[in-house]
1. Restricting to segment 22-69, what's the tally of residues that are assigned to a loop (DSSP other than H, G, I, E, B) and not acidic (D, E)?
2. Output the residue which, of all residues in segment 6-47 that are in contact with a Pro (Cβ under 9 Å, 6 or more places away or on another chain) and of a type in the set (A, V, I, L, M), is modelled with the highest pLDDT.
3. Can you report the number of residues in segment 3-56 which are aromatic (F, W, Y) and under 21 Å from F77 (Cβ atoms)?
Amino acid sequence: MPGAVVVAHSKVSTKSDGADSTQVQPSDWNDAHPLSGGALGDVMIRDTGAADGATWVDPGTAAKVLTSNGPGVAPTFKEAAGGLDYVQMQSFG
């Protein structure tokens, strides 16, 4: 899948797979997990109303903000009041 986004675990299991194929195996954990869908520049969001739990969203323009429309409803991009000058990030770790 050219250009696919892949989620991979930072820790890899060196254990061998067990005999019970109904259990999650180390090889399942070690596999890459490709994400499909969306278009170039889209953002994936958590969407409890979607069958797979996520939705691709067009990020809009830089002068818009992602706004919640409530639980189970996809968020939308709206014009930012007064524009966006900067974003302040703070670590709570």
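1. Quick first cut of segment 22-69, residues assigned to a loop (DSSP other than H, G, I, E, B) only: 22-25, 31-32, 36-42, 47-53, 58-63, 68-69.
Within this subset, residues satisfying the condition of being not acidic (D, E) are 22-25, 32, 36-41, 48-51, 53, 59-63, 68-69.
Adding up the residues that qualify gives 23.
2. Ranking the qualifying residues of segment 6-47, first place goes to V12.
3. Kept after step one, since they are aromatic (F, W, Y), are these residues of segment 3-56: 29, 56.
With the extra rule that they be under 21 Å from F77 (Cβ atoms), the set shrinks to 56.
Selection size over segment 3-56: 1.
The values are calculated or read from the model by the stated rules, or taken from the named source; none is laboratory data. None of the values given here were measured: they were computed from a predicted structure. For neighbour counting, all protein chains shown are included, and Cβ atoms are generated from backbone atoms with ideal geometry for every residue, glycine included.
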